[in-house]
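The values are calculated or read from the model by the stated rules, or taken from the named source; none is laboratory data. Fair warning: this is a prediction, and the values are worked out from it, not measured in the lab. Ideal geometry is used to build each Cβ from the backbone, glycine not excepted, and the neighbour counts take in all protein chains shown. The protein model used for the area step is the full one, side chains on, heavy atoms only, and it has no ligands, DNA or RNA in it. Shrake-Rupley method; radii C 1.70, N 1.55, O 1.52, S 1.80 Å.
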Amino acid sequence: PNQPTIQLSPPAPINFNSVELKWTCSNMDPNKLKHFEIWMGTSPGNYQLKGNSGQNTSFQVGNLPPNTTYYFVIKAIGHDNGILAVSNEVFFKL
């Protein structure tokens, strides 16, 4: 079977210090999915866990200091706490 994939869209600004992330999944078995994790950082490839969205495919990130570029990836986590898929990286400058 094909590997599950996550396609993360460019972040959408909500207000001066918040963005909304939205993503789509392909080949994701909902019975294996525990939750999605949102990872964020201020340099490419260097992230910290920001939260999890359950099985929702959107997440709002707020209280972001302005004049900073933020980088995001989404990880799909299985019931065994293993990583099912990792999204592409997107970035946004507030």
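Please indicate, with yes or no, whether at least one residue in the range 16-39 is assigned to a strand (DSSP E or B), open to solvent by less than 80 Å² (accessible area, probe 1.4 Å) and touching a Lys or Arg at 6+ places or on another chain (Cβ under 6 Å). Yes, that holds for at least one residue.
Of the residues making up the range 1-59, those that are within 14 Å of the chain's Cα centre (by Cα) and small (Gly, Ala, Ser) are SER9, ALA12, GLY41, GLY45, GLY51, SER53, GLY54, SER58. Does the range 42-56 include one or more residues that are touching a Lys or Arg at 6+ places or on another chain (Cβ under 8 Å) and assigned to a strand (DSSP E or B)? No, every residue in the range 42-56 fails to be touching a Lys or Arg at 6+ places or on another chain (Cβ under 8 Å) and assigned to a strand (DSSP E or B).
Would you mind stating whether GLY51 is modelled with pLDDT of 95 or more and in contact with a Phe, Trp or Tyr (Cβ under 9 Å, 6 or more places away or on another chain)? The answer is yes for GLY51. Scanning the range 1-15 for residues that are assigned to a loop (DSSP other than H, G, I, E, B) and under 11 Å from GLU89 (Cα atoms), which turns out least open to solvent (accessible area, probe 1.4 Å)? Checked the range 1-15; the qualifying residue least open to solvent (accessible area, probe 1.4 Å) is PRO11. Of everything in the range 40-94 that is open to solvent by less than 50 Å² (accessible area, probe 1.4 Å) and without any contact (Cβ under 8 Å) to a residue 24 or more places away in the chain, the residue that is nearest to LEU21 (Cα to Cα) is SER53.
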